[in-house]
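Quick notes on the structure that follows.
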Amino acid sequence: MPAVSRSPVDPTLFDPIPRPSFRHRLLVRALPVVRRSGDLTDPEAERRRVLARRRAEPAGLPTWAVPGFTRRFAVERDDSAGFPSWVVTPRARAAGTSPGLTVLYLHGGGYAFGLDPFHLRWVCRLARATGARIVLPDYPLAPEHTWRDSHEALVGLAGRYAVQAAEGGGELVLAGDSAGGGYALSLAQAMRDTGGPRAARTVLISPWVDLAGTTPEETAQATAGDPWLFVGKIDAYAGWWAGSEADLRRPEVSPGLGSLADLPPTLLLGGTRDTLLPGFRLLVRHAAEAGWELTSVEEPGLLHVYPLLPLVPEADRAFRQVLAFLAR
């Protein structure tokens, strides 16, 4: 089992829980029904489905999902990367001094779906708890776009916010879930390699770090009971995002296959009922070899991106873990 780092504030907070809660077990049963889950049968039909779903979604932030959003938060649009980034700041901070913490959050969705209510609710909760300014890039998505259409621009965007945060006496944190967790890690690597400003910390929630599928146990893991992620769809989305088979192993696409040396201290949260679990464990192994300060929490029986799920106590516990990690 991967080692679990300890918190100086509350050591037991980072110990794995013995078994999933009743609410989590109910969610496992409900997900396949609610989402009509299933693996890929026709790549072209899946492409049409993805595009149709995106066309049906309203543009911009789903602010309706956060009660009192307009009263509690200020929003600015930053187009400096060539695509929108939404900058969400608690109004108590927006009218006063510069925020001490800036979190650049990369949303998940298999690189094919955009910001959703779960993402916004979670980052708004983080903003309320920490006073942080949250930057939410609305990066171009597959299948029309590949990593090449946003990666360099996002490295530049992250660098600019790192400088701004430092000038205000604060720091930049890179964070993300699922595909966004992988993207956050790839940005941390690129910021290191360019020699410019860097993030101070990274938070990875169930990150997708190996799009090349170099961990063969991923297929076995998928058949072990993940009701959410399926290998066929994962492979299709990975090919869309990479754009070519040759790019699948690039660190910009599969950061788990890149160098993990000299990266910011990082918190990794993942559950064992997740098809992407082999990628989490790959990071833990390579982190030890690279001397990377990685706090890895592997929760038995928990789903993909469980920290973002509604109404489960495991999500509240994960949120406390994030706060403790950022407070170190």
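The values are calculated or read from the model by the stated rules, or taken from the named source; none is laboratory data. Just so it is clear, the model here is predicted, and its values are computed rather than measured. Quick reminder, even Gly has a Cβ in these numbers, built from the backbone with ideal geometry, and neighbours come from all protein chains shown. The accessibility values were calculated without ligands, DNA or RNA, using every heavy atom of the protein model including side chains. Shrake-Rupley method; radii C 1.70, N 1.55, O 1.52, S 1.80 Å.
Just a few scattered comments:
- Where a residue in segment 131-152 is closer than 14 Å to F83 by Cα and its partner, wherever it lies, is outside any loop (DSSP other than H, G, I, E, B) and among the hydroxyl-bearing types (S, T, Y), with Cβ under 6 Å and at least six apart: V135/S85; V135/Y161; L136/Y105; P137/S85
- Within segment 280-295, the set of residues being open to solvent by less than 10 Å² (accessible area, probe 1.4 Å) and not in a helix (DSSP H, G or I) comprises T295 only.
- A single member of G225, G256 is out of contact with any Phe, Trp or Tyr (no Cβ under 7 Å at 6 or more places or on another chain) and buried (at least 20 other Cβ atoms within 10 Å of the Cβ), and it is G256.
- Put simply, of T97, T70, T41 the only residue that is open to solvent by 20 Å² or more (accessible area, probe 1.4 Å) and modelled with pLDDT of 95 or more is T70.
- Residues that are under 20 Å from A236 (Cβ atoms), modelled with pLDDT of 95 or more and in contact with an Asp or Glu (Cβ under 7 Å, 6 or more places away or on another chain) occur at least once in segment 128-142.
- Filter pass, A261 being at pLDDT 95 or above, open to solvent by 10 Å² or more (accessible area, probe 1.4 Å) and closer than 25 Å to E171 by Cα: yes
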